[in-house]
Structures are given as structure tokens and as C-alpha cells.
Amino acid sequence: MKTIFKSEGECVMYKTKQRQDLLDFMRSNVGQHVSIHQIYQHFKAQGKPIGLTTIYRYIDKLSEEGLIRKYNAAGANGASYEYVDEEQPRISFQCDVCGKIEHIQCENFNHTAQHMFEDHGIRLNTRKTIFYGECHECGERTTPNK
């Protein structure tokens, strides 16, 4: 979004074409994690090059707005990003060992979020909630045979 000042104390916000193109690209990749480099290469291949600085700026803004989610996978070069599909509420989990990211739809989490609010006055931002731990596969590799 760009801020345009019409007169002192008054401003109008509008969405730029590049921001909309980036948001459309992220929406078209629901359920996939994409890097800044992948985004850059996509627009370059489409003949609509968007500068890296512009991509970083809009990615940061879309993340702040809760429209995309940022992940920092263990051992990865840079972050990956995913569009947040409001129709599919879910919990995100990232393995501390292998860096794999999983998305889990679980009704119990809704109960936990409600409990946190009702009993503790904490309103969880489920768009940004990520659990960290050890995935099943990594747990099997590190658990000695019985």
C-alpha cells in the first residue's frame, strides 16, 4: 500500500499493482511454502519483474497484516512464506530436528484457544501460532529400540 497525502492530516491508502500481483501469486500457492527467490523468479519468468526490495517490503507488510505466514526452517537458507487460508483454520508445527513444517486441523486447538481467553484473558493469534518440537519420523530415529 502506498500513502498519498491529500492535505494536511488527511491521507488515502491504496493497493499497488505489484502488491496485488504478489498477493495473487501467494493465493495461487495455498498450502505451499515459497521463498523470496522463488517469488522473484516467478515474476521474472512472467515478464513482470519485481525488484527484490519491493518483494521483501510487500512480504513484510502482508505478514504484518496476517495474510501470509513466515517460517524459518532449520538449516534452510532464508525463510519461506505461505498464504494464510482463512477457510482452513489450523495449527502449524515445525520440527526442531529436520525443519519440516506440518499443518494440522484439530478441533482441540479451538478448545485450547477458547480456554486461554476465558480462563487467562489471553487471545491467541492463531494465524501466527506455531508449535515447535520433534516430528514423528525424527522421534523414531532418536528413540532407542526397546
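What to note about this one:
- Counted residues, the range 47-63 - those being in a loop (DSSP other than H, G, I, E, B) and aliphatic (A, V, I, L, M): 1
- Single residue of 51, 66, 31 found to be exposed (fewer than 13 other Cβ atoms within 10 Å of the Cβ) and in contact (Cβ under 8 Å) with a residue 60 or more places away in the chain: 31
- Residues of the range 73-93 that are out of contact with any Gly (no Cβ under 8 Å at 6 or more places or on another chain) and modelled with pLDDT under 75: 77, 86, 87, 88, 89, 90.
- Pairing residues of the range 105-128 that are in a loop (DSSP other than H, G, I, E, B) with residues that are not small (Gly, Ala, Ser), at Cβ distances under 6 Å and at least 6 apart in sequence or on separate chains, gives 105/90; 106/91; 122/116; 123/117; 124/116; 127/84.
The values are calculated or read from the model by the stated rules, or taken from the named source; none is laboratory data. Quantities reported herein were computed from a predicted structural model and do not represent experimental measurements. As a convention, Cβ positions derive from the backbone with ideal geometry for all residues, glycine included, and neighbour counts pool all protein chains shown.
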